[in-house]
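See below for the structure under consideration.
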Amino acid sequence: MKHHSWWMPACTGRLRIKIFRRSAAPIALLVLCSALLAPPALAQSGTVEGRVTATSTGQPIPGAQVTVEGTAIGTETDQNGQFVLLNVPAGSQQLRVAAIGFKLGSLQLNVRGDAMTTRAISLSRSVLRLDEVVVTGTAGEARKRQVGNTISQINFSQIADPPASMDQVLQGRAAGVQVMQANAAAGGGAQIRLRGAVSVSQSNQPLIYVDGIRVRSEGYRRNRPLGDFTGRSANVEASPLNDINPDDIERVEVIKGSAASTLYGTEAAAGVIQIFTKKGRIGAPSWNFQIDQGFANVRPFGTDDNKFLNLKPENSSGDCSEIPPNPNCSWLRNGHRQKYSGSVGGGVGGFSYFVSGSYQDYEGVLPNDAEEKISTRGNFTFDVFDNVRIDWNTAYSNTRIKNTAQGNNAHGLTLNVYRAERNYFQSNDPALLQQLLNQEITTDIYRLVTGLTVNFTPWPWFTSRYTIGYDLAQQENRNLRPFGFVRLPTGRLQDEQITYQTLTSDYVGSINFRLSGDLRSTFSFGGQSITTRQVRTTARGNEFAGPGIPEVGDAASFLAEEDRLRLVTAGFFFQNVFDFKNKLFLTG
């Protein structure tokens, strides 16, 4: 079926090792325009380098944004607060420096052709943070004082111990953000609410953007049998947010409530979370390696006389998943968690890069629970001309989740162990209950997110940005009770294939001009189109002839079903911001 809508305006321990080394059709139109409007190739240009520090302490400020006003030339400071700007047009130029937690800095300098210009810049701390630069919920880069909506920022450079997942990134770090963990099993994700629920019938999950690209925000489909009792599985909902490696994040911006609807459409009534990943900086390569080791455990729970659900209960030893199981055992375990990651960033000439990779292997607290993930990222920036910059960001992740049958499940472990003699076996014999682990509940997720952003500044008073992005996720749910299973002797298999696609096309242009001496105006316009597509194919087979590695077609009876959904949401906007003496702002 097709739908079209239109709108108008657990406990962890960690060991970290870090190593840093430093030494001193719209896109085609934009490229064509840039070729016509760019300055001649023989025009003189120079290099600007410097260091950004805090006025009060003299300490370097990493991650500060340094740009040349009226051009697309810009970079970020490294760990030592240093920056290098190449191909800066000769003559008088205005340098702008912005960093989270500091007042906006501005510096007038005279750039000499074919020469190096060196400047030291110091920024004062901003108690009210009104000069912080934000992008989410605005037509372009804007200071917080200019925006009428409340926008929260999370700066990763200020987090001493990086979180293990994106769920943990948002937990307790932004006002009004609620992170509700639905399941502690391996691969389980959290539901995120900004200022609570906003709709009874529609999604209450905020929209997620990564570097300006809309990505899937709703959780992946649960691995549950077709036409069977809905609780008969692991009931784990993986979160697309956790496909992102927290080590790759530079900052997060959050805008809450319906204030985001003007620029992002009616779908943004629950708010918007925009994630910005790291970028390379001009200079020698900077390397970073990290090793994380830890464990997950569960505190004792259950009744006093139920020794199976307590972690290392009194007078017990061993693991109930062992064969044969110890009669005095615990079904819970300490799950080992390990992660290895590395990245490198740098740049030369008009090209900068950031490349990263990570591998993680997490065990859950239940016997069959495990999660294994490999993720990579490549961010590349090309300064094509002084007034044209292209950013290309790509990320890939491969996740495999294994779960234990749990929940309100007659075929599951936790229900039967918890009920003891009153379970579906009328027995609490560990040797009998151990057979419930002979199930295969696995979820494989392959995900690719890639996008291209072109920033074009033909004149100092006119800026434009075009973004096109693609998010592709493929999920396979396999749910098998093999031949000879204790609760279903003839066996059952379900295999589910789901494809999620999101295509983003977004354009924003802004014109800045002065109306009078103290009154300025910024007129912005743009449009956006979001196309989502979902295809789901499910097949289930019952009653196998004998043991082995079955396929659905091997069953005596089987059935299948297919769902298709395509949704296109598009719109445009016009906005004007009046600025009086940089103190009073009116947005229409």
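Values as computed for the structure displayed
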quantity: Any chance Arg400 is farther than 30 Å from Ser427 by Cα, in a strand (DSSP E or B), open to solvent by 50 Å² or more (accessible area, probe 1.4 Å) and modelled with pLDDT under 95; calculated: no
quantity: Residue check, Ser464 open to solvent by less than 50 Å² (accessible area, probe 1.4 Å), over 21 Å from the mean Cα position of the chain (by Cα) and farther than 30 Å from Ser510 by Cβ; calculated: no
quantity: Filtered residues of the range 339-387 (kept if in a loop (DSSP other than H, G, I, E, B) and either out of contact with any strand residue (DSSP E or B) (no Cβ under 6 Å at 6 or more places or on another chain) or not aliphatic (A, V, I, L, M) (or both)); calculated: Gly349, Gly350, Gly364, Leu366, Pro367, Asn368, Asp369, Asp386, Asn387
quantity: Set Phe483, Phe513: member being buried (at least 17 other Cβ atoms within 10 Å of the Cβ), on the phi < 0 side of the Ramachandran plot and over 33 Å from the mean Cα position of the chain (by Cα); calculated: Phe483
quantity: Selection status of Val365, among the aliphatic types (A, V, I, L, M) and open to solvent by 30 Å² or more (accessible area, probe 1.4 Å); calculated: no
quantity: Residue satisfying all of: in the range 205-227; part of a loop (DSSP other than H, G, I, E, B) and hydroxyl-bearing (Ser, Thr, Tyr); least open to solvent (accessible area, probe 1.4 Å) among these; calculated: Tyr220
quantity: Residues of the range 379-437 that turn out to be under 38 Å from the mean Cα position of the chain (by Cα) and charged (D, E, K, R), as a count; calculated: 6
quantity: Top-ranked residue of the range 454-503 - restricted to ones that are of a type in the set (A, V, I, L, M, F, W, C) and part of a loop (DSSP other than H, G, I, E, B), ranked as nearest to Glu562 (Cα to Cα); calculated: Phe483
quantity: Subset of the range 546-571 (residues that are surrounded by 12 or more Cβ atoms within 10 Å (Cβ to Cβ), touching a Gly at 6+ places or on another chain (Cβ under 8 Å) and more than 17 Å from Arg478 (Cβ to Cβ)); calculated: Thr569, Ala570, Gly571
quantity: Tabulated pairs, the range 331-350, first closer than 30 Å to Asp429 by Cα, second open to solvent by 60 Å² or more (accessible area, probe 1.4 Å) and not in a loop (DSSP other than H, G, I, E, B), C-beta under 7 angstrom, 6+ apart or interchain; calculated: Asn334/Phe295; Gly335/Phe295; Gly335/Glu363; His336/Phe295; His336/Glu363
quantity: Extreme residue, nearest to the chain's Cα centre (by Cα), among residues of the range 92-105 that are open to solvent by 20 Å² or more (accessible area, probe 1.4 Å) and modelled with pLDDT of 85 or more; calculated: Arg96
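The values are calculated or read from the model by the stated rules, or taken from the named source; none is laboratory data. All values derive from a computational prediction rather than experimental measurement. Neighbour counts run over all protein chains shown; Cβ positions are idealised from the backbone, glycine included. To get the accessible areas, we keep the full protein, side chains included, count just its heavy atoms, and leave off ligands, DNA and RNA. Shrake-Rupley method; radii C 1.70, N 1.55, O 1.52, S 1.80 Å.
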